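Accompanying notes for the structure given below.
The values are calculated or read from the model by the stated rules, or taken from the named source; none is laboratory data. Note that the structure is predicted; figures quoted are calculated from it, not measured. Note: ideal-geometry Cβ built from the backbone for every residue, glycine included; neighbour counts use all protein chains shown.
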Amino acid sequence: MARSMRFTYWRCDAEGGKFISFFDFLKEKSFIHPLSPDQINELRQNVRVIDCSNCGAPIDLERNSICSFCHSPVAMLDMQQPQRLIAELQQAASKPVDPMLPANLAMATLDADRVFAAFHDDDGRRGSSPGGLVQSGLAAVGRWVEKFVI
Ligand SMILES: [Zn+2]
């Protein structure tokens, strides 16, 4: 469990690592949270059907607030979490620097590039975000970050 979200991963019996889906990774890191009843009601006023962020199945908001296929709750990106992460990194920066930090940051940057590249169409258009609220939120964060990077 991470906050109120249950996540699943598979661990190698030979200590070779673990496999976790991207959606479960976001849950583990507290980057997404389930919508409150008020938020679901607000969403219902504008949208009738939404794609499940976990499996992509349609969720009829008139009848459900969880996916009838994989039982994931309707969830969205927690926009506060990136700010908490930055605050933690700033606090960590005041401590002695880990010699592996530059390499770890380079790997994290490559990972982020791969995530955000997934939201670009083949012809370079941006903003295509099938798959629900979490993917839409990630696409929005990607567009926001690009303003500062480019
Ligand atoms: Zn689902």
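At-a-glance table
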{"read-out": "Residue identified as among the hydroxyl-bearing types (Ser, Thr, Tyr) and over 19 Å from GLN135 (Cβ atoms) among SER30, SER36, SER53, SER65", "value": "SER36"}
{"read-out": "Checking HIS120 against (1) surrounded by 14 or more Cβ atoms within 10 Å (Cβ to Cβ); (2) modelled with pLDDT of 65 or more, the condition it does not meet", "value": "(2)"}
{"read-out": "Residue, surrounded by the fewest Cβ atoms within 10 Å (Cβ to Cβ), within the stretch 42-89, restricted to residues that are in a loop (DSSP other than H, G, I, E, B), touching a residue at least 24 places away in the same chain (Cβ under 8 Å) and within 15 Å of the ligand (Cβ to nearest atom)", "value": "GLY56"}
{"read-out": "Residue in the stretch 23-34 that is modelled with pLDDT of 90 or more and either within 16 Å of the ligand (Cβ to nearest atom) or among the β-branched types (Val, Ile, Thr) (or both) present", "value": "no"}
{"read-out": "Matching residues in the stretch 1-27 - criterion: being surrounded by fewer than 16 Cβ atoms within 10 Å (Cβ to Cβ) and part of a helix (DSSP H, G or I)", "value": "PHE22, PHE25"}
